[in-house]
Amino acid sequence: MMKLNADQFRASRTAPICACRTTSICACRTTSICACRTTSICACRTVPKTCKLAKHVGILSFSILISLSAPAQAIEPDAPSRLIGVDDVIGIELQNRLSKGRRSASKIEKTERGALTQFYASRGNLPVWVGRKGLSKRATTVMNEIRKAGDWALPAGAFALPDLAAARSDGIDLSPQTLAAAEVKLSRAVLKYARFARGGRTIPAKISYFLDRKPELLDPKDVLEQVSTDQDPAEILRGFHPKHPQFLALLRHYKAMQRGAVEPAAKSKGPRLPAGPTLKKGMRHKTVALLRQRLEVTPLEPDEASLFDQELVLAVKKFQKTKGLDVDGVVGPGTRGALNGGGTVRGNPKKLLVNIEQWRWMPSNLGAMHIWVNIPEYRIRVQKNGKVIHTERVVVGKTRNQTPVFSKNMKWIEFHPSWYIPTSIKMQEIGPNLRRNGTSFLKRMNMVMDCPRSAYGKRKKKSFWDSSEPAPASVDISKCAVKQLPGPKNVLGKVKFKFPNKHAVYLHDTTSKGLFNRTTRAYSHGCVRVRNPIKLAEIILRADQNMSKSRVRAIVNGPVTTYQAYLKKDLPVHVTYFTAVVGPSGKINYYRDVYGHEKRIALAMSGKYKQISPVPVSRTPVRVAKKRPRVRKPKKTLFQEIFGDL
């Protein structure tokens, strides 16, 4: 008789095929496990025909049951070196369960199932979380930590955990099938927890094209190996979450809201300010007197209550700073709303959840020195070793020309840049101007144009561009290269900061300085305009190559020719969309959902992708030349060819 020891049996489960074609005796427990006389024990996907001898079908399963109930009995009459244990039987069930995947499974589910198969194969299909007595101590520790998912702003109900509470203390009534099911269930819960912790709960690119983020998901096999071997598996699970200071600060505020420790809604002290003009230093207006009462600022002279003086400017700046507003001493719509008790959103856990989720998408290493542009805040920060060393206002894209959310490395800074006009602007703005005014528009804006022959259609000559006549409608402007040369009229100003990306977005100077004084600053075509960009260039080049301020100023004020300063070390640039930011004092500041991403992300977190409204995009009108239908002349008859048409 064949000897069936545990070592042979364990080796059998990793064998890819079964050589049962020539054997005449085969003991099959199920349709997927087969033991053959002429080979070592092996696992078969399908049972060979020779294994269908009815009198031998139950040998293996019967022997396994005997081994479980009577340890002194062997599977075969000849005693093996070691008996098949409970773990071996559970291993068989594990292999069966992992091999039966749903055809409709998602890509993530298929990836995780493959990782589970590899993980268990590497350990001989021995279980991690269960044994004869049910769940192990490690399993209990892991399950208790997963149940605390709410402390990390994750839905605890999203992780299905095994329930073996009905088992007896000795575990005797737990079948191998039940134990294997619990094993697989907990392993899948661990993988899902790790995925959610790293931002895999949602797919940013599926939410919007402008959310160009790819969360740094962990390798599923590595996750299982860490949690199954480390002395403190709970600490390993906690370590999967981001460690960014903003993430942890937002999490603290979220938990405070969950406990009910929420700040009450702001109430205005004193009179409300009615709608009216923007109040600035030097103005005289009746609303200024109300502003003084609201901020408790007494005028120097009784007849100067309506004068907006320097003392009132300082009081307004102090108020703006406490509210997280732009500190400019000017009372515009934003500051006016905050003075009246509005302008700040409070007690909104949903808003915090969306921002916490976005931090899970961020790179784990932001860079010792990096640039952070936050779109809803209209602000840029330079951070070095965890401290903000520079901050300034920015102008971002319009709602129909959105600035995308992404991270890339800055490679160089370009002084006196040329502006290569994108197709959308050529079609929507340059083309119509050319057709109305001719090339005089190009000369006035210091632009040059180069069109290939294919842009002219049937007309091959370019001479008409030298005249002041409007461009013919037959010219395809999208095929022409249009460039604005460096100079005082260049829309990029004196400097731009390049971090190559598929969106063709960069930071740059601007000739429209007045937009920086507005509270809402979404006016660009997608790029980010920076106030005082020369200061930003000085900080970056000083840190990168020890370039002095005087050298930077000499380049800026020197000849109007393009100068590129390549960085010695890549500088990470993170363009983000956080509508909740914790300030240095620990107070949280909220910002308006200018692009509507917050609502879209909230729907995605609930799995409601179909309800996400599409992002409005400024579409470039593409003129397609209509082909004239070919008119086929009827063939002439022999009579017509000789005598013509009569």
Radius 14 Å from Cβ of residue 303, net charge of other residues (Lys, Arg +1; Asp, Glu -1): 0
Using amide H atoms built 1.01 Å from N in the peptide plane, name the residues 5+ places from residue 130, or on other chains, whose amide H lies under 5 Å from its own. 136
Quick tally, 1.4 Å probe accessible area for 576, 391, sorted with the most first, runs 391, 576
Taking placed amide H atoms and a strict 5 Å upper bound, the residues 5 or more places from residue 411 or on another chain that come that close are 498, 499
Among 448, 475, what's the order by accessible area (1.4 angstrom probe), most exposed first? 448, 475
Could you state the number of Å between the C-alpha centres of segment 277-332 and segment 547-605? 31
Can you give the accessible area of residue 119 in Å² (nearest 10), computed on protein heavy atoms with a 1.4 Å probe? 10
Using the Cβ atoms and a cut-off under 12 Å, what net charge is assigned to the surroundings of residue 321, where Lys and Arg are +1 and Asp and Glu are -1? +2
If I ignore ligands, DNA and RNA and count only protein heavy atoms, how much of residue 503 is accessible to a 1.4 Å probe, in Å² to the nearest 10? 30
Mind grabbing the accessible area of residue 563 for me, 1.4 Å probe, Å², rounded to tens? 80
Stretched fully, the stretch from residue 429 through residue 275 gains (0.36 nm per residue minus C-alpha distance, one decimal, in nm) 51.9 nm
How long is the gain from residue 489 to residue 348 if the chain were fully straight, where each residue apart is worth 0.36 nm and the alpha carbon distance is subtracted? 46.2 nm
Mean separation of Cα pairs under 8 Å and 6+ residues apart, divided by the residue count of segment 489-572: what relative contact order is that in percent? 21
Using θ = phi - 60° and the Karplus curve 6.51 cos²θ - 1.76 cosθ + 1.60, what whole-Hz ³J(HN,Hα) does each residue of segment 105-119 get, with Gly and Pro shown as x? 5, 6, 4, 5, 4, 5, 5, 5, 5, x, 5, 4, 4, 5, 4
In segment 287-395, the GluC sites (Glu not before Pro) that sit in a DSSP loop and have at most 11 other Cβ atoms within 10 Å of their own Cβ are 296
Computed label-point distance, nm, for sites residue 300 and residue 501 using a 7 Å Cα→Cβ extension: 4.8
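Let a ≥ b ≥ c be the square roots of the eigenvalues of the Cα gyration tensor of segment 475-596; is it rounded (a/c under 1.5), or, if not, prolate (a/b larger than b/c) or oblate?
oblate
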Residues with amide H under 5 Å from that of residue 369, placed H, sequence gap 5 or more: 385
Segment 318-422: relative contact order from alpha carbon pairs under 8 Å, six or more residues apart, as a whole percent, is 11
Residue-wise HN-Hα coupling along segment 525-538, computed from phi with Karplus coefficients 6.51, -1.76, 1.60 (Hz; x: Gly, Pro): 8, x, 6, 10, 8, 10, 6, 6, x, 5, 4, 4, 5, 4
Largest first, how would 298, 278 line up by accessible area (1.4 Å probe)? 298, 278
Derived scalar couplings ³J(HN,Hα) [segment 351-368; Karplus, 6.51 cos²θ - 1.76 cosθ + 1.60; whole Hz; x for Gly, Pro]: 4, 5, 4, 5, 5, 4, 4, 5, 5, 5, 7, 5, x, 5, 10, 6, x, 4
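The values are calculated or read from the model by the stated rules, or taken from the named source; none is laboratory data. The structure displayed is predicted, hence computed values, not measured ones. Counting neighbours? That spans all protein chains shown, and the Cβs are built from the backbone with ideal geometry, glycine included. The area values use the complete protein model at the heavy-atom level, side chains included, leaving out ligands, DNA and RNA. Shrake-Rupley method; radii C 1.70, N 1.55, O 1.52, S 1.80 Å.
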